[in-house]
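Take a look at the following structure, please.
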Amino acid sequence: MKLFLDTADLDQIREACRWGIIDGATTNPSLVFKTGREPRELYAEICRIVPGPVSLECIALDSAGIVAEARQLAEIADNVVVKVPIIREGLIAVKQLAALGIKTNVTVVHSPLQALLAAKCGATYVSPFVGRLDSVGQVGMEMIHQIRTIFDNYDFATEILVASARHPLHVLESALAGADVCTAPMEVMEQLYQHPMTDVVLKQFLADWAKVPAKG
Ligand code: E4P
């Protein structure tokens, strides 16, 4: 499963890319707002650093506006994927963008049927928001299992990009469910390699090594 970093923070992106585990990045208007940066300039920098697809979100809500905005975003770099919301106008735009060869990530998805429609229109990725569903008392990961079944039933090439991940269990369950990608914020990425037993065992090994008498 691919791991994308869900942030627009350049320091976080540089750091996580240094670890060698990041396959791409996702941004959204709220994440861009947090940086205080001018979007286009920021997007160009993110695309230079990330060694894979970078999702940049459209703001327009009508199909012609989305297509025009997507064309501009796609010019920023070769690794741009345009995020389009799952609304009727968004679906119309995704179909046109697929015909133009512009990659899309259909976002703010909260049901398997929305994902089915996105795939039928030729979306490159679909982003189901698991954490947001959990927060209203629905089991977000059930949606991922259902989307996986639907996409496999009909051989859709659209990739399932699990979004709104809140904790390591969301990443684990995404991998077990056969999701193609999970995007997660830096706090979650940092939790993925940590384990208390790793710390205990490593500490013991290093303490014993210090007592080995003759070290050539
Ligand atoms: C994904 O592309 C989105 O940026 C992200 O996962 C949104 O999640 P959140 O706003 O619920 O954290």
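Output the number of residues of segment 188-216 satisfying the condition of being over 14 Å from the mean Cα position of the chain (by Cα) and in a helix (DSSP H, G or I). If you could, list the steps in order and put the result at the bottom.
Step one: filter segment 188-216 for residues over 14 Å from the mean Cα position of the chain (by Cα), giving 190-216.
Pick out the ones that are also in a helix (DSSP H, G or I) and you get 190-192, 196-211.
Of the residues in that region, 19 qualify.
In this structure, is Val188 of a type in the set (A, V, I, L, M), without any contact (Cβ under 8 Å) to a residue 24 or more places away in the chain, within 12 Å of the ligand (Cβ to nearest atom) and open to solvent by 80 Å² or more (accessible area, probe 1.4 Å)? Outline the logic, then answer.
Working: of a type in the set (A, V, I, L, M): yes; without any contact (Cβ under 8 Å) to a residue 24 or more places away in the chain: yes; within 12 Å of the ligand (Cβ to nearest atom): yes; open to solvent by 80 Å² or more (accessible area, probe 1.4 Å): no.
So Val188 does not fit the description; no.
Would you mind telling me which numbered condition in (1) within 16 Å of the ligand (Cβ to nearest atom); (2) assigned to a helix (DSSP H, G or I); (3) open to solvent by 10 Å² or more (accessible area, probe 1.4 Å); (4) in contact with a helix residue (DSSP H, G or I) (Cβ under 8 Å, 6 or more places away or on another chain) Glu89 fails?
So Glu89 meets the others, but not (1).
Would you check which residues across segment 169-185 are more than 11 Å from the ligand (Cβ to nearest atom) and either surrounded by fewer than 16 Cβ atoms within 10 Å (Cβ to Cβ) or assigned to a strand (DSSP E or B) (or both) and list them? Write out each step before concluding.
Filtering segment 169-185 down to residues more than 11 Å from the ligand (Cβ to nearest atom) leaves 169, 171-180.
Matches in segment 169-185: Leu169, Leu172, Ala175, Leu176, Gly178.
Would you pick out the residues in segment 135-168 that are more than 16 Å from the ligand (Cβ to nearest atom), on the phi < 0 side of the Ramachandran plot and among the acidic types (Asp, Glu)? Write out each step before concluding.
Keep residues of segment 135-168 that are more than 16 Å from the ligand (Cβ to nearest atom), which gives 142, 145-146, 148-157.
Retained after the next criterion (residues that are on the phi < 0 side of the Ramachandran plot): 142, 145-146, 148-154, 156-157.
Selection gives Glu142, Asp152.
List the residue pairs whose Cβ atoms are under 8 Å apart, where the first residue sits in segment 26-52 and is farther than 15 Å from Asp78 by Cβ, the second is in a helix (DSSP H, G or I) and open to solvent by 40 Å² or more (accessible area, probe 1.4 Å), and the two are 6 or more positions apart or on different chains.
Cβ pairs passing all conditions: Val32/Pro39; Leu42/Thr35.
Can you pull out the residues in segment 3-23 that are more than 13 Å from the ligand (Cβ to nearest atom), under 16 Å from Cys182 (Cβ atoms) and open to solvent by less than 30 Å² (accessible area, probe 1.4 Å)? Break it down stepwise before answering.
Quick first cut of segment 3-23, residues more than 13 Å from the ligand (Cβ to nearest atom) only: 10-23.
Add one more test, that the residue is under 16 Å from Cys182 (Cβ atoms), and what stays is 16, 19, 21-23.
Passing the criteria: Ala16, Ile22.
Here is a follow-up. Report whether or not Thr26 is closer than 24 Å to Phe129 by Cα and open to solvent by less than 10 Å² (accessible area, probe 1.4 Å). Show your work before the answer.
Values: closer than 24 Å to Phe129 by Cα: yes; open to solvent by less than 10 Å² (accessible area, probe 1.4 Å): yes.
Taking the combined requirement at face value, the residue satisfies it.
The values are calculated or read from the model by the stated rules, or taken from the named source; none is laboratory data. Nothing here was measured: the structure is a model prediction, and the numbers come from that model. Glycine gets a Cβ as well: all are built from the backbone with ideal geometry, and neighbour counts include every protein chain shown. When the accessible area is computed, the model is the full protein with side chains, heavy atoms only, and any ligands, DNA or RNA have been set aside. Shrake-Rupley method; radii C 1.70, N 1.55, O 1.52, S 1.80 Å.
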